[in-house]
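Worksheet: one structure, shown below.
The values are calculated or read from the model by the stated rules, or taken from the named source; none is laboratory data. Here the structure is a predicted model, which means the values were calculated and not measured. Glycine gets a Cβ as well: all are built from the backbone with ideal geometry, and neighbour counts include every protein chain shown. Just so you know, the surface numbers come from the protein's heavy atoms only, side chains and all, with ligands and any DNA or RNA stripped out. Shrake-Rupley method; radii C 1.70, N 1.55, O 1.52, S 1.80 Å.
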Amino acid sequence: MPSRAATVAEGASLSLAAEIQGPWTSNRWSFGDGTVEADALGVSHAWAAAGSYEVVLTAYNESHPAGVSATAAVTVAEMVEQYAVTATAGAGGSIEPSGTIWVSHGFDAEFQILAEPGFHIAQVLVDGEETGEFDAQTAAAACTLSNVTADHVVEARFNSAPVAGAVVVP
């Protein structure tokens with residue numbers, strides 16, 4: 001195993017393969033977190049905490065009873081929590097992005113709402129609560145969820161636009 005570096009998310013598994021040159025009788029993997037594994041050419045390991053770790057593979061044989069070692073540096077990055085934000089639009093318009101998107105903890109999610117011709121935005125709800133008032137002329141709006149720290153549901157509702165007038169032609 002030549003010296004290499006890798007980055008992995010906290011709790012995610014990293015697969016490692018041994019490249020031992022010459023005959024060997026045993027080997028030992030040390031993952032830098034107190035965990036060891038012996039006599040395996042390929043291993044998979046997940047670190048429980050973020051940080052920098054040194055993975056050491058030591059191969060042993062009769063010529064090298066103390067072993068020959070190779071090292072890989074592994075950086076384990078903290079897992080960022082993500083939240084599901086589901087956006088839907090009723091008949092008469094659209095919301096973009098639509099469906100479920102994933103937003104990292106503390107980040108913002110922005111949605112564009114657009115009424116189709118002959119419709120206007122009636123309501124925009126976030127988790128069932130109205131976010132503002134819209135008049136019968138509002139055809140486009142934006143909705144921003146700031147500092148997202150939980151799952152949310154965004155729903156756009158539309159009504160048909162009022163008739164602007166009528167003329168009777170004899």
Next item on the list: Can you figure out the FRET efficiency of Val126 with Val80, using R₀ = 22 Å and their beta-carbon distance, to the nearest 0.05?
Entry: 0.45
Checklist line | Isotropically averaged projected area of the range 103-170, using the convex hull of Cα atoms (one quarter of hull area), nm² | finding: 5.2 nm²
Item checked: Cleavage-rule hits (GluC sites (Glu not before Pro)) in the range 91-156: DSSP loop, at most 11 neighbouring Cβ within 10 angstrom -> Glu133
Next item on the list: Calculate what fraction, in whole %, of the accessible area of the chain sits on carbon and sulfur atoms when a 1.4 Å probe is rolled over the protein chains.
Entry: 52 percent
Check: Does the range 1-50 classify as rounded, prolate or oblate by the C-alpha gyration tensor (a ≥ b ≥ c root eigenvalues; a/c under 1.5 gives rounded; else a/b over b/c gives prolate, otherwise oblate)?
Finding: prolate
Notebook entry, point to check: Which one, [x] 32; [y] 12; [z] 51, gives percent of Cα pairs over 30 Å apart as derived from the coordinates shown?
Noted result: [z]
